[in-house]
1. What FRET efficiency would be calculated for the residue pair residue 135, residue 62, taking the C-beta separation as r and a Förster radius of 30 Å, to the nearest 0.05?
2. Evaluate the relative contact order of the chain (contact order divided by residue number), counting alpha-carbon pairs under 8 angstrom at least 6 apart; express in whole percent.
3. Please give the FRET efficiency for residue 173 paired with residue 210, using the beta carbon to beta carbon distance and R0 = 35 Å, rounded to the nearest 0.05.
4. Give the angle, between 0 and 90 degrees and rounded to the nearest 10, that separates the Cα long axis of helix 2-22 from the longest principal axis of the Cα atoms of the chain.
5. Apply 1/(1 + (r/R0)^6) to the Cβ-Cβ distance of residue 241 and residue 47, taking R0 = 22 Å, and write down the FRET efficiency to the nearest 0.05.
6. Could you tell me how far the Cα centroid of segment 107-166 sits from the Cα centroid of segment 45-104, in Å?
7. Roughly how large, in nm² to one decimal, is the mean projection of the convex hull of the alpha-carbon atoms in segment 72-196?
8. Choose one answer from 181, 224, 207: the residue with the largest mean-square fluctuation in a GNM of the chain with alpha-carbon springs under 10 Å.
């Protein structure tokens, strides 16, 4: 009996250790505040904790308030907790021509086996040369809208695009800057609607997102990218159905 008790204790300890490892903070980056605290003139903000999903510890490095992503392996890190209605501001720049990345909002943070990326609404971040590097066999380049802040439901998530390009929503102006230059995104997410401002102007949006509360995920997708000045302002919650909330991890 004592032997069986010891075995069960060891198994419980191992499972608990694995669970806690899955929740360990990989790094801190960015800040989050409640909108009410801003209205009330209250000082202070909380640092955002990011949890490893399917990249490596060496994929990410925070240095001088800049988050550097090496781009390998392809995958994501996720926010420690879920968000529903919020405003997110972030600056980003690609260090390689044709680089690919993005941020997922309202994500399940559960990568699919065939492409290592989760379901969610992706806020696309592509370097301008991407369209020149992906010419079809017929010599046609992808639409320029690819590289100026597309929005779309990825994986199991669905949306209705404001400016349709198939199931994706394209920006109505080409405002992104190229390799080595900082871009600024402001993303407003409220009750299944998202509006995207690129470098100071709102140019894209989606509606009727199938999920409206979930995790934020930062994407590593094959190229070096840097992020800075990530700020999240939480807004009041809205009416939401159980099926519009991703499963909590």
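1. Details: r = 36 Å, r/R0 = 1.21.
Efficiency for this residue pair is about 0.25.
2. Working: 648 pairs, mean separation 67.0, N = 249.
Relative contact order, the chain: 27 percent.
3. Values: r = 27 Å, r/R0 = 0.78.
Computed FRET efficiency for residue 173 and residue 210: 0.80.
4. The angle comes out near 20 degrees.
5. On the way: r = 31 Å, r/R0 = 1.43.
Efficiency, rounded to the nearest 0.05: 0.10.
6. 17 Å
7. Values: hull surface 33.1 nm².
Its Cα hull, projected and averaged over all orientations, spans 8.3 nm².
8. 181
Every number in this text was worked out from the coordinates using simple rules, so none of it is lab data. All values derive from a computational prediction rather than experimental measurement. Counting neighbours? That spans all protein chains shown, and the Cβs are built from the backbone with ideal geometry, glycine included.
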